[in-house]
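Okay, so here's the structure we're looking at.
The values are calculated or read from the model by the stated rules, or taken from the named source; none is laboratory data. Keep in mind that this is a model prediction, so the values were computed, not measured. Here the Cβ positions follow ideal geometry from the backbone for every residue, glycine too, while neighbour counts run over all protein chains shown.
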């Protein structure tokens, strides 16, 4: 008989997971969200979009506490430094790192993910300091989605050439990793030089997962080798043809991952979950939003899981129903089919 640990993992399972999850074997946020051949569910913030008044965002933290208590795998926040009315939405408005620190203090277990921090616009010193601080304060729950940016208004505001963001993105990733992984890093980069100093605090378990979003101006091969996971858009979601095309993308990427290591794939969708459970999967607003009942959503999630998606981030900003009602239905009817993973408990300390 195998003896189970308090987090329900047997010795054999923990030994097996060491080779599967590599350097993130003990990372609570990563292990809660990701496992081979399984899919978990997270929620993309904001719950409601900013429409000109900060009051539009009131009550969101209470919903996040509900998400945590109902055992969803993650919450996601976006990084939108400047709101461009011509582009569309303003994200969750608050700075992603400040807001995740606030939400970390109001939750216990849910993974905290950026979707995504714009690595071309922020200096790696500031990124490393903010990310490591949140990771430690949350007990190792941070998942850092990263991207090269796509809002043209932001690059001149930062004095950065958008045409060179592919190179800057790679340099920032390398600089960031040297800072968080090494005690005394020696860094020579166009972004700065470091010698003899140390970035503190270090991440709770020694490293922070970097999840590349979209292409971020990089090749699939570079993403396979240098990321800790990949978040891509799902394509069509009204029928199985979209997941099948997504399957080809995932397979092509995974074939390029060195040594056959497991790296998770994620996707996301904005949904309008209708009360009628049999309401068919119906694209609205040109396919930007999926209107469906829970049975259609479950079908989609099963299709994603079958083609290799490991995590689905669902946005309910366009829902025609109250957010709490949607979250409750997802928790009762959908989440049991795609449960969050048992793994290392967050390393909570009374800082």
Matching residues, segment 316-337, being surrounded by fewer than 20 Cβ atoms within 10 Å (Cβ to Cβ) and either touching a strand residue (DSSP E or B) at 6+ places or on another chain (Cβ under 8 Å) or outside any helix (DSSP H, G or I) (or both): 317, 318, 320, 321, 322, 329, 334, 335
Any chance residue 203 is at pLDDT 95 or above and either surrounded by fewer than 13 Cβ atoms within 10 Å (Cβ to Cβ) or in a loop (DSSP other than H, G, I, E, B) (or both): yes
Within segment 4-106, helices (runs of 4 or more DSSP H) holding 3 or more residues that are surrounded by fewer than 19 Cβ atoms within 10 Å (Cβ to Cβ), modelled with pLDDT of 95 or more and over 16 Å from the mean Cα position of the chain (by Cα): 60-69
Members of segment 217-237 found to be in a helix (DSSP H, G or I), within 20 Å of the chain's Cα centre (by Cα) and surrounded by fewer than 17 Cβ atoms within 10 Å (Cβ to Cβ), listed by number: 220, 225, 226
Residue ranges of helices (runs of 4 or more DSSP H) in segment 112-192 with at least 2 members within 13 Å of residue 216 (Cβ to Cβ): 165-181
Wholly within segment 238-304, strands (runs of 3 or more DSSP E) carrying at least 1 residues that are more than 25 Å from residue 113 (Cα to Cα): 282-284, 289-292
Residue within segment 300-309 that is surrounded by fewer than 20 Cβ atoms within 10 Å (Cβ to Cβ) and farther than 22 Å from residue 250 by Cβ present: no
Total residues in segment 247-288, condition surrounded by 17 or more Cβ atoms within 10 Å (Cβ to Cβ), under 30 Å from residue 325 (Cα atoms) and out of contact with any helix residue (DSSP H, G or I) (no Cβ under 6 Å at 6 or more places or on another chain): 10
Any pair with Cβ under 9 angstrom, 6 or more apart, that starts in segment 14-33 at a residue that is under 16 Å from residue 311 (Cα atoms) and ends at one that is in a helix (DSSP H, G or I) and modelled with pLDDT under 95: 30/21; 31/17; 31/21
Which numbered condition residue 138 fails, given (1) surrounded by fewer than 24 Cβ atoms within 10 Å (Cβ to Cβ); (2) over 14 Å from the mean Cα position of the chain (by Cα): (1)
